[in-house]
2 protein chains.
Amino acid sequence: MRIRCSQSQLLYGINTVSKAVPSKTSMTILECILFTADEEGIKLTANDMEIGIETYIEGQVEVAGTVAIEAKIISNLIRSYSDEEFVIDSDEDNMVHIECGKSKLDIPGRSTEEFVLLPELDKADPVEISQFSIKELIRQTIFSISDNDTNKIMTGELFEIKGDQFKVVSLDGHRISVRNITLKKSYDDKSVIVPGKTLLELSKIIPGDVDKDVMIYLCENHVIFEYDSVKVVSRIIEGNYFKIDQMISNDYETKIDVSKKELLEVIQRSTLLVKEGDKKPIVFDVKDGTATLSINSSVGSMKDDLDIEKSGKDILIGFNPKFLIDALRVIDDESVTLYMVNPKAPCIIKNEDDSYLYLILPVNFTV
Amino acid sequence: MRIRCSQSQLLYGINTVSKAVPSKTSMTILECILFTADEEGIKLTANDMEIGIETYIEGQVEVAGTVAIEAKIISNLIRSYSDEEFVIDSDEDNMVHIECGKSKLDIPGRSTEEFVLLPELDKADPVEISQFSIKELIRQTIFSISDNDTNKIMTGELFEIKGDQFKVVSLDGHRISVRNITLKKSYDDKSVIVPGKTLLELSKIIPGDVDKDVMIYLCENHVIFEYDSVKVVSRIIEGNYFKIDQMISNDYETKIDVSKKELLEVIQRSTLLVKEGDKKPIVFDVKDGTATLSINSSVGSMKDDLDIEKSGKDILIGFNPKFLIDALRVIDDESVTLYMVNPKAPCIIKNEDDSYLYLILPVNFTV
């Protein structure tokens, strides 16, 4: 194989596919990026068996061929140059020669036989969504998946299509995040559970362009995301997702509108008084026009008054501050609305246009 | 005590003195900042017994008094507000009340009796040097102190005044850094060994203004740095420093001038081929007009040609790449000069105006 590429294209390709290179593995071939040069161009592939990513990069193929190169080494080496133009070639012993300016490097590559290619899947009827929207959907839900493998389904997110409605859901037993979006077209109803790790890596590499789309193929055992010249293939999580419509009620006794920024600032400050591992609730004392938020701990105590607009009953209710912070951080609107029933029932937080819904369980507290 | 201050003044003061708060200690009083309010103003002090820092901040003293507050908690709390105006008061039980906007906080303070105040020292004849220069002196030498306590003297830096010449030296057994500067005035000859830790913390808090001075008082057992409204007091290291003039020779057989940026880039890249803990040398093959730098390791091999200007003999010499990188990083000039005698003798690197000198021992290598 012999290719000629620019540093920026190489780094773009390596950074992109590296998200499918596991940080720890006993199978050293998984630490490699597969370089494929043929009449279709220069393709980089990485695959950790759960998630695989491939992308084409610009450049000239001088001799067709393939070689696998350890991702970390090639990434650091290419980055270390301030020159632009690279020639990478490999011989039959898989020795990789890199030339750039007056510099010459030799690093041992790997045979490509062991490398597990991405599965060839039947693709049909992709869901189209802007790069910006998919990034937002992930950002606003990814924090409430469970990192505990005992219930595998909780480590993923529900992707549910009903007509032109796309719903993304995550939950971890303490809270539920739901993000709804209206698609440009209607599709057949379908749903899959996408691993949280796949979404996290995808959201890191997707540029987030408002005018460019991602194609999402929901296949039988896989989900494929395609954008620009990048293809991300992931296994899906098998099983039925939780019936979240049954968990979310529209009834409430108290409704408050409050500035998101002010609420977030007070709750963030309250956590400074909570030692790691200590589960001190923040208590909301909701009256007409004012919510008094307070926390008491061994470190100290805090009382803050927030201006609110309230309808319904007064209420005294406690929450895990961290869980509130997680949701408030991903809401971009100026104000949020909280719907509460009683100190034991779930509270629901919505953003201004109701596209984002967050359900959080209150916690017990003593006054 | 009752004081009224702005957030920016409080944070400035807390950040400054916090550099003397130890990250780990069994004496919890050392984790505190002493607030002193009296007719002289509002003073913050921290002291870890090796280094002590105090600074005055702007604000109104409403009731004189003192209280000690845990540095980390007060720092995080003050930072968490987006409002400006704070009132901090403490009662006879050392309970600290903080008010800001509609927010009220109570945190337990500490009795000030245990707090160890900074020593009162006789100060005379300070050495004046700009904030910018002292920061530079430290940056260009601090990396070659030893972090090994077995030879205490190597953990500090020599500060030597001779007339109007100020020399700062550090060494760790593998290399020596020497920085010379001409002072604005002449002083009596004196020298002290200042702990590296003191210099590191000082360089973090000093603003680095070219037009503002630092006063350095070299006392019998202490060194004091004063600038703006800040005073840093540190113990010095007792003992006689190494006779470095005997170690540095002006004789050479080979002299090369080379672009600092290019040399640094090649050496940095070579370290990508060296695994952690592996001691692979980078070999310089110096001929007329060109130095070929090469490295060979289990990870791969590299060869780079650098344009140089050479006078004297050809030479083949090996170095620990990390030690070269450390020196080249702190030299700001476009080119550097290397003076070599033979592959076993020390190499000396100088910057363009010879104000910076770095001596490095070569290492054995096989070709």
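Worth a mention:
- Put a plus charge on the Cβ of each Lys and Arg, a minus charge on the Cβ of each Asp and Glu, and nothing anywhere else: the dipole of segment B:231-301 about its Cα centre is then about 380 debye.
- Against chain A, whose longest principal axis comes from its Cα atoms, helix A:321-330 is set at around 60 degrees.
- Accessible area per residue, Å², the protein assembly as shown with all protein chains present, probe 1.4 Å: 46 Å²
- Rounded to whole Hz, the Karplus (6.51, -1.76, 1.60) HN-Hα couplings of segment B:87-92, x for glycine and proline: 10, 10, 9, 9, 9, 5
- Using a Förster distance of 41 Å, the FRET efficiency for B:ASP125-B:SER259 (Cβ separation, nearest 0.05): 0.45
- In a fully extended conformation the segment linking B:THR150 and B:MET95 would gain 15.4 nm over its present Cα-Cα distance, using 0.36 nm per residue.
- Local net charge near A:PRO207, Cβ-Cβ under 10 Å (Lys/Arg +1, Asp/Glu -1): 0
- In segment B:96-165, a dipole from Cβ-located charges (positive for Lys and Arg, negative for Asp and Glu) runs towards its positive end, and of B:ALA124, B:GLY109, B:THR155 it is B:GLY109 whose Cα lies farthest in that direction.
- Interface area, A with B, accessible, probe 1.4 Å, both sides summed, Å² nearest 100: 2200 Å²
- For segment B:1-81, a Kirkwood radius taken over Cα pairs fed into Stokes-Einstein (10 °C, viscosity 1.306 mPa s) yields D = 126 µm²/s.
- Take B:GLU238, push a point 7 Å out from Cα through the beta-carbon direction, and compare it with the same point in every other copy: 7.5 nm, smallest first.
- In this simple spin-label approximation, B:LYS102 and B:ASN76 carry label points 7 Å from Cα along the Cα→Cβ vector, and these lie 2.5 nm apart.
- Rounded to the nearest Hz, the phi-derived 3J(HN,Hα) couplings of segment B:275-292 under the Karplus curve 6.51 cos²θ - 1.76 cosθ + 1.60 (θ = phi - 60°) are 6, 2, x, 6, 10, 7, x, 9, 9, 9, 9, 9, 10, 4, x, 9, 10, 9, where x marks glycine and proline.
- Crossing angle, helix B:7-18 versus chain B [Cα axis fit, 0-90 degrees, rounded to tens]: 60 degrees
- The rule of thumb for compact globular proteins, 2.2 N^0.38 Å, goes into the C-alpha radius of gyration of segment B:160-283 1.37 times.
- What the Cβ-Cβ distance of B:GLU309 and B:MET215 gives, at R0 = 35 Å and to the nearest 0.05, is a FRET efficiency of 0.25.
- Cα long-axis angle, helix A:196-205 against chain A (0 to 90 degrees, to the nearest 10): 70 degrees
- Rg/Rh for segment B:20-148, where both radii come from Cα atoms and Rh is the Kirkwood radius: 1.03
- Net lengthening on full extension, A:GLU276/A:MET49 (0.36 nm per residue, minus Cα-Cα): 78.1 nm
- When chain B is treated as a Gaussian network with alpha carbon springs shorter than 10 Å, the biggest mean-square fluctuation among B:LYS102, B:LYS184, B:LYS344 belongs to B:LYS102.
- Cα pair distances of segment A:272-366 binned at 5 Å [whole percent]: 2, 13, 22, 26, 22, 11, 4, 1
- A Gaussian network model of chain A, with springs between Cα atoms under 10 Å, assigns the largest mean-square fluctuation among A:GLY109, A:GLY239, A:GLY13 to A:GLY239.
- R0 of 22 Å, Cβ-Cβ distance A:SER229-A:SER23: FRET efficiency to nearest 0.05: 0.30
- Helix-only mean residue ellipticity at 222 nm for the protein assembly as shown, each DSSP H run of n ≥ 4 adding -39500 (n - 2.57), per residue, nearest 500: -5000 deg cm²/dmol
- Interface residues in segment A:249-291 - accessible area drops by 50 Å² or more relative to the isolated chain, probe 1.4 Å: A:GLU265, A:ARG269, A:LEU272
- Counted over segment A:188-234 with a bin width of 5 Å, the fraction of Cα pairs per bin, in whole percents, is 5, 18, 32, 25, 15, 5.
- Positive-end ranking of B:GLY239, B:LEU263, B:PHE225 along the dipole of segment B:212-290, with charges on Cβ about the Cα centre, is headed by B:LEU263.
- Karplus-based coupling profile of segment A:215-220, in residue order and whole Hz: 9, 10, 9, 9, 9, 5, with θ = phi - 60° in 6.51 cos²θ - 1.76 cosθ + 1.60 and x standing for Gly or Pro.
- Distance between segment B:225-283 and segment A:119-167 - C-alpha centres, whole angstrom: 52 Å
- Scattering curve values for segment B:259-323, log₁₀ I(q)/I(0), Debye with Cα scatterers, q = 0.17 Å⁻¹: -0.56
- Normalising the average separation of contacting C-alpha pairs (under 8 angstrom, six or more residues apart) by the number of residues puts the relative contact order of segment A:213-326 at 22 percent.
- Three-way shape call for segment A:166-206 based on the alpha-carbon gyration tensor, with the a/c threshold at 1.5: oblate
- For q = 0.15 Å⁻¹, Debye-computed log10 I/I(0) when each Cα of chain B counts as one equal scatterer: -1.19
- Within the accessible area of chain B, the carbon and sulfur atoms contribute 46%, probe 1.4 Å, all protein chains present.
- What you get for segment B:7-110, charging only the Cβ of Lys and Arg (+1) and of Asp and Glu (-1), is a dipole of about 560 debye around the Cα centre.
- Max mean-square fluctuation residue, GNM over chain A, Cα-Cα springs under 10 Å, options A:GLU220, A:GLU54, A:GLU276: A:GLU276
- Cα convex hull of the protein assembly as shown, projected area averaged across orientations, nm²: 38.7 nm²
- Compared with the alpha-carbon gap, the fully stretched path from B:LYS162 to B:HIS174 is longer by 1.7 nm at 0.36 nm per residue.
- Centre separation in Å (Cα based) which lies between segment B:170-211 and segment A:76-109: 42 Å
The values are calculated or read from the model by the stated rules, or taken from the named source; none is laboratory data. On a predicted model such as this, the values are computed, not experimentally measured, just so you know. A quick note on method: Cβ atoms are made from the backbone with ideal geometry, for glycine too, and the neighbour counts reach across all protein chains shown. Areas reflect the complete protein model, heavy atoms only, side chains present, ligands, DNA and RNA absent. Shrake-Rupley method; radii C 1.70, N 1.55, O 1.52, S 1.80 Å.
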